[in-house]
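Here the structure is laid out as structure tokens; the discussion comes afterwards.
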Amino acid sequence: MVLTSHRRGLRVTAVLGCALASVLLAAGCAKSAESPAPAGGGSGNGGQQEVSGSGASGPLCSAAQYGAPALDLTKATVGFSQSESTSNPFRATETKSITDEAAKLGIKLIQRNANANVPQQNTDIEDMIAQGAQVLIVAPENSDGLAPAFAQAKAKHIPILTIDRTVNGTACSDFIGFIGSDFLGQAKLAADDLGGALNGQGSVAVLQGTSGNNVATDRTNGFNQQLSAKYPGIKVVASQTANFDQATGQKVMEQILQSNPDITGVYAENDTMALGAIQAIRAAGKTPGKDIKIVAIDGTEQCVRNVASGVMVADVETNPRFGPLAFQSLRKFYGGTGEPTGVPTTVIISDHHFTSTNAADALKNGDVY
Ligand code: GZL
């Protein structure tokens with residue numbers, strides 16, 4: 001789905017509108033708008049391409065099917081469990097989107113932040129249940145580690161909607177469903193951006209995200225699959241985690257440069273690690289964008305500025321603006337909104353793709369965060 005206007009309001013509304021259409025119709029947005037640019041579609045060619053159009057899949061899930069009591073959200077207490085520090089603009093924007101939408105709807109929201117600590121996120125969820133949360137929105141730190149808290153919520157018939165990362169388990173039973181980006185598609189697009197910038201030749205380093213969640217797994221696998229399929233002349237000479245963290249990204253990149261001084265490309269699985277890598281590259285006396293080409297994923301303002309200035313090749317957005325879609329999904333789950341009851345168990349949120357051809361416009365139009 002290619003949007004004709006980049007105004008944030010229209011973009012979010014259009015995405016939300018389409019997503020709502022897909023939530024309502026359980027059909028992909030492609031039916032209600034131009035087909036989305038295919039993931040792995042190569043560098044942007046003007047305009048802001050969507051990595052994957054908003055879409056929905058999986059069966060519809062309702063409170064009755066899940067086994068949750070009826071609930072009027074406007075009279076309920078909703079709990080929001082954030083996984084990581086809001087020092088990461090992705091997390092800050094995600095949290096703000098949830099809190100702003102709750103305030104707009106007059107819904108009582110309680111929230112916790114686990115600072116990337118899995119045991120703490122279990123405690124946070126259990127604390128909010130004890131505090132009276134009747135339904136939860138959870139941004140999971142880990143795909144497996146939250147089973148204790150999810151089991152407690154399930155036993156108490158307190159539904160959980162997961163956003164931004166998935167958890168292992170059964171949708172519409174262990175949790176309602178998932179709203180997030182197409183992480184494999186993001187990674188394949190990043191591989192095409194880097195492969196194009198390197199003219200298909202060179203040695204690259206991969207800064208992986210935190211292990212144990214589907215985002216890092218998909219972003220690593222998608223990148224490697226695309227390189228193998230399309231860029232046999234590009235070799236991954238180092239690939240290790242920097243935990244989605246800037247300081248760790250800088251430290252890991254310093255080590256990689258010491259043992260691989262001739263690398264020509266870097267793929268960072270999020271923007272904060274890319275910023276750390278750029279610091280390390282400069283400290284090593286190299287020029288990012290000239291000596292070493294860099295691509296990353298998230299679409300934060302600082303990295304899109306780097307794309308506009310040529311320091312980075314491209315930045316694939318991870319749209320963190322879950323608020324409107326999450327609460328609309330909950331309203332569909334509980335029904336009583338005059339529309340058909342039930343929410344698809346997977347809703348893919350639409351992302352931009354920032355390259356040298358559209359980064360300046362995106363900054364001017366406020367399409368970054
Ligand atoms: C993606 C999210 C990732 C972001 C990173 O949905 O889980 O985690 O891309 C964040 O910035 O650390």
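Quick notes on this one:
- The residues in region 268-285 that are in contact with a helix residue (DSSP H, G or I) (Cβ under 8 Å, 6 or more places away or on another chain), in a loop (DSSP other than H, G, I, E, B) and not aliphatic (A, V, I, L, M) can be counted, and the count is 2.
- The single condition from (1) in contact with a helix residue (DSSP H, G or I) (Cβ under 8 Å, 6 or more places away or on another chain); (2) small (Gly, Ala, Ser); (3) over 26 Å from Cys303 (Cβ atoms) that Ala147 fails is (1).
- Here Lys293 fulfils each of the conditions (1) closer than 23 Å to Thr220 by Cβ; (2) within 16 Å of the ligand (Cβ to nearest atom); (3) outside any helix (DSSP H, G or I) apart from (2).
- Ala190 being at negative phi, surrounded by fewer than 24 Cβ atoms within 10 Å (Cβ to Cβ) and part of a helix (DSSP H, G or I): no
- Residue within region 308-330 that is within 30 Å of Val135 (Cα to Cα), in contact with a His (Cβ under 9 Å, 6 or more places away or on another chain) and among the charged types (D, E, K, R) present: yes
- Scan of region 152-163 for residues that are more than 15 Å from Pro119 (Cβ to Cβ) and either free of Cβ contacts under 8 Å to residues at least 40 places away in the same chain or within 11 Å of the ligand (Cβ to nearest atom) (or both), ordered by number: Ala153, Lys154, Ala155, Lys156, Ile160, Thr162, Ile163
- In region 208-260, the residue that is farthest from the chain's Cα centre (by Cα) out of those that are more than 14 Å from the ligand (Cβ to nearest atom) and of a type in the set (Ser, Thr, Tyr) is Ser259.
- Taken as a whole, the condition of being of a type in the set (S, T, N, Q) and in a strand (DSSP E or B) applies to Thr346.
- Subset of region 74-94 that is more than 12 Å from the ligand (Cβ to nearest atom) and closer than 20 Å to Thr123 by Cβ - its residue that is surrounded by the fewest Cβ atoms within 10 Å (Cβ to Cβ): Thr77
- Residues satisfying the stated conditions in region 125-181, i.e. part of a strand (DSSP E or B) and out of contact with any Phe, Trp or Tyr (no Cβ under 9 Å at 6 or more places or on another chain): Phe178
- Ser81 among the small types (Gly, Ala, Ser) and either assigned to a loop (DSSP other than H, G, I, E, B) or closer than 26 Å to Met273 by Cα (or both): yes
- Residue match in region 127-134 (condition: crowded, with 22+ Cβ neighbours inside 10 Å, in contact (Cβ under 8 Å) with a residue 12 or more places away in the chain and not aliphatic (A, V, I, L, M)): no
- Scanning region 296-338 for residues that are polar (S, T, N, Q), more than 15 Å from the chain's Cα centre (by Cα) and not in a helix (DSSP H, G or I) yields one hit, Thr337.
- When region 268-285 is filtered for residues that are away from the ligand (no atom under 11 Å from the Cβ) and in contact with a Phe, Trp or Tyr (Cβ under 7 Å, 6 or more places away or on another chain), nothing remains.
- Between Gly212, Gly249, Gly195, the distinction of being outside any loop (DSSP other than H, G, I, E, B) and more than 15 Å from Thr264 (Cβ to Cβ) belongs to Gly249 only.
- Criterion violated by Ser309 - all others in (1) under 25 Å from Gly202 (Cα atoms); (2) in contact with an Asp or Glu (Cβ under 7 Å, 6 or more places away or on another chain); (3) hydroxyl-bearing (Ser, Thr, Tyr) satisfied: (2)
All of the numbers you see were taken from the coordinates with simple rules; none came from a lab. The shown structure was predicted, so the numbers you read here are calculated from the model rather than taken from an experiment. Cβ sites come from the backbone with ideal geometry, for glycine too, and all protein chains shown count toward neighbours.
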